[in-house]
Amino acid sequence: MQCTDILNTTAACLTAGGMNPGLAQFIGILFGVIIVTLAPLLIVILLIWVERKFAARVQDRIGPNRVGPLGLLQTVADALKLITKEDITPAGADRLIFNLAPIISVLAVILMWGVIPVSPYHVGVELSIGVLYIVAVGSVGTLAIMMAGWSSNNKYALLGAFRVVAQLVSYEIPMVLALLVPVLLAGSMNLQDIVRAQSGMWFVVLCPIGLVLLFISTQAETGRAPFDLIEAESELVAGFNIEYSGMKFGLFFAGEFVHVMTNGLLIATLFMGGWWGPLAYEAPLLGILWLFAKATIFYLFSLLLRAALPRVRIDQMMSFNWKFLVPLAVWNVLVTAGLWMFARGLIPEGSEGDFLANLPAALIMFVGNVVLVGGFVLSRIRAAGRSERMANSKKSVPGRAIVLANADKGMASVNATVGR
Amino acid sequence: MLELNVQTIAFFIFAVLSWGGALGLVTTRNLIHGALYLILSLFGGAGFFILLSAPFLAAVQVLVYIGAIAILFIFAVMLTRGMTRLREVVNRQWWAGAIISGLMFVLVIGGVILPVWGEGGTNPNQPVSDLTATTEDLGVALVDGNQFVLPFLVSSLLLTGAMIGAIVVARDQE
């Protein structure tokens with residue numbers, strides 16, 4: 001590697017300055033590790049403020065405004081308060097597992113940042129199995145919540161842990177199937193390759209439904225509203241983290257906030273072109289700005305959903321996943337793979353990075369994806385509505401059933417007309 | 001000669017993880033602790049896969065064994081509180097377990113280690129990438145008509161059958 005400037009080629013520059021190559025490489029890696037692990041923990045201080053301010057605005061409040069300008073230092077004050085609180089381990093708790101769970105919970109999220117490319121040259125590790133790594137590390141987060149719920153020796157915490165298995169393990173299936181789409185389109189599991197493959201056209205154009213699927217399932221994986229059943233305040237008091245106090249609770253809290261931003265980064269990397277933007281190659285550090293700008297869109301949308309939507313019931317959540325999301329995700333992969341077989345041939349050899357050359361293929365993919373997958377969605381919704389009407393008409397008293405049945409016929413004819 | 005470099009250190013860390021985890025698994029009386037020790041041991045195994053330049057297998061190990069199977073273990077044990085305080089460490093079938101694990105040990109030593117032991121077994125100058133197949137090779141092998149497409153399809157059919165069977169067994173009588 002040639003030393004061009006100290007920011008992009010640290011190791012090469014240190015070697016050129018007369019340092020032992022092995023030591024230079026070690027220092028380069030060490031800096032990378034420190035930055036990758038510290039960045040999410042520092043960003044979360046700002047993220048909590050953004051979330052509280054945003055939720056306040058949605059609910060017509062002002063939000064934190066006392067500590068520092070615009071209340072910006074409120075999170076710092078909160079963190080200091082959490083540190084000074086008494087650190088309680090409940091009697092009968094499994095001490096080691098109880099203390100280990102919050103650490104693993106944060107660890108699982110931060111490990112994901114290691115493979116997300118932030119610029120053409122800056123990436124923690126360029127893994128050939130990047131997407132699979134993300135899924136594998138994400139499943140460790142499930143383990144942390146189960147450990148917390150079991151070791152607390154508390155019924156509410158245990159109930160929260162049971163729900164985790166139902167929710168996180170189920171929603172992993174549509175998530176993995178949605179992650180399969182960019183892998184399929186780029187022909188690689190390496191996140192850097194996936195970003196480079198989007199030089200001509202972002203994958204969101206080629207497969208918009210895939211992005212929607214990934215967004216919904218990551219929202220459920222994070223355990224946030226409308227899927228916040230694992231810490232449902234009104235049913236489980238606080239769910240899996242009920243016995244945690246002080247900074248141990250703070251770690252779970254921080255892990256969740258970082259997770260939302262991580263999901264935004266992941267969606268931006270896989271579907272919105274990652275660090276691609278004007279001057280991405282000329283000024284690589286600008287890629288960080290583009291990536292975070294794209295991730296922030298999804299982050300804010302996730303916050304809006306959390307502030308606006310009520311919590312779903314557990315049976316609604318499970319049937320939504322198994323009867324709707326999973327078949328939709330399977331169908332989406334099939335449609336995308338089938339269309340890509342043909343559309344790929346329309347892109348001329350050697351002009352993969354050219355926007356105009358990609359346009360015809362992208363148009364076919366977009367229309368095909370929306371029509372075929374959207375048609376499936378509509379048919380599922382209509383079938384669900386029909387079965388609900390049938391169930392309603394069976395339950396009612398006989399006299400009313402005739403009226404309802406007639407009303408059903410009326411609705412059916414309306415539907416038929418609309419359908420035509 | 002044993003050379004002390006980063007890979008050797010990593011190897012010993014993973015060895016301690018997998019051996020310590022396995023030892024803890026068979027000696028603990030608390031089944032949840034046992035499952036967590038198992039996760040530790042599997043994690044060490046995943047580390048070995050990375051050292052052997054098979055990152056795909058490492059990720060699959062974490063995803064399938066830690067993310068799915070070990071979590072199912074813990075879930076099953078959590079539902080049965082009485083199982084978390086076992087009184088005895090060994091049960092009546094300990095001798096069968098000892099025979100099977102002894103046989104497995106001899107098989108692994110005799111079948112895998114001995115052929116590549118000593119002179120002429122392995123060439124230290126040969127890069128590992130020449131010996132090991134890549135993830136691409138694995139993927140192609142699974143769908144290639146001349147290689148493993150039939151076992152692959154049969155096993156997927158078997159899994160589907162098992163899944164449908166589980167649903168039928170668990171279903172309410174109507």
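Points worth noting:
- Qualifying residue in region A:182-200 (condition: over 30 Å from A:VAL371 (Cα atoms) and surrounded by fewer than 19 Cβ atoms within 10 Å (Cβ to Cβ)): no
Table: residues versus (1) part of a helix (DSSP H, G or I); (2) under 23 Å from A:ALA79 (Cβ atoms).
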| position | (1), (2) |
| --- | --- |
| A:GLY255 | yes, yes |
| A:PRO278 | no, no |
| A:GLY287 | yes, no |
| A:LYS294 | yes, no |
| A:TRP331 | yes, no |
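- Scanning region A:87-101 for residues that are among the acidic types (Asp, Glu) and farther than 17 Å from A:MET146 by Cβ yields one hit, A:ASP87.
- Taking region A:333-358 as the range and being assigned to a helix (DSSP H, G or I) and surrounded by 15 or more Cβ atoms within 10 Å (Cβ to Cβ) as the test, the residues that pass are A:VAL333, A:VAL335, A:THR336, A:LEU339, A:TRP340, A:ALA343, A:LEU346, A:ALA357, A:ASN358.
- Candidates in region A:119-147 are the residues that are in a helix (DSSP H, G or I) and among the polar types (S, T, N, Q); of these, the one that is farthest from the other protein chains (Cβ to nearest Cβ) is A:THR142.
- For region A:285-303, the count of residues that are closer than 30 Å to A:ILE35 by Cβ, surrounded by fewer than 13 Cβ atoms within 10 Å (Cβ to Cβ) and out of contact with any Ser or Thr (no Cβ under 8 Å at 6 or more places or on another chain) is nonzero.
- Test: residue in region A:188-208 that is within 11 Å of another protein chain (Cβ to nearest Cβ), modelled with pLDDT of 80 or more, in a helix (DSSP H, G or I) and more than 14 Å from the chain's Cα centre (by Cα): no
- Condition met for A:LEU107 (more than 30 Å from A:LEU279 (Cα to Cα) and within 20 Å of the chain's Cα centre (by Cα)): yes
- Within region A:153-169, the set of residues being within 12 Å of chain B (Cβ to nearest Cβ) and in contact with a helix residue (DSSP H, G or I) (Cβ under 8 Å, 6 or more places away or on another chain) comprises A:ALA157, A:LEU158, A:LEU159, A:GLY160, A:ALA161, A:PHE162, A:ARG163, A:VAL164, A:VAL165, A:ALA166, A:LEU168, A:VAL169.
- Residue in region B:13-33 that is at the interface with another protein chain (Cβ under 9 Å from one of its Cβ atoms) and in contact with a Ser or Thr (Cβ under 8 Å, 6 or more places away or on another chain) present: yes
Conditions tested, residue by residue: (1) closer than 30 Å to A:ILE129 by Cβ; (2) basic (Lys, Arg); (3) modelled with pLDDT of 75 or more; (4) in a helix (DSSP H, G or I).
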| position | (1), (2), (3), (4) |
| --- | --- |
| B:PRO124 | yes, no, no, no |
| B:ASP130 | yes, no, no, yes |
| B:ALA133 | yes, no, no, no |
| B:GLY145 | yes, no, yes, no |
| B:PRO151 | yes, no, yes, yes |
| B:LEU157 | yes, no, yes, yes |
| B:MET163 | yes, no, yes, yes |
| B:GLU174 | no, no, no, no |
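- Looking across region A:133-185, just one residue is without any contact (Cβ under 8 Å) to a residue 24 or more places away in the chain and among the β-branched types (Val, Ile, Thr), and that is A:VAL165.
- Residue that is surrounded by the fewest Cβ atoms within 10 Å (Cβ to Cβ) [pool: residues in region A:209-256 that are modelled with pLDDT of 80 or more and among the β-branched types (Val, Ile, Thr)]: A:VAL212
The values are calculated or read from the model by the stated rules, or taken from the named source; none is laboratory data. Here the structure is a predicted model, which is why all the values come from computation and not from measurement. Don't worry about glycine lacking a Cβ; one is built from the backbone with ideal geometry, like all the others, and counts go over all protein chains shown.
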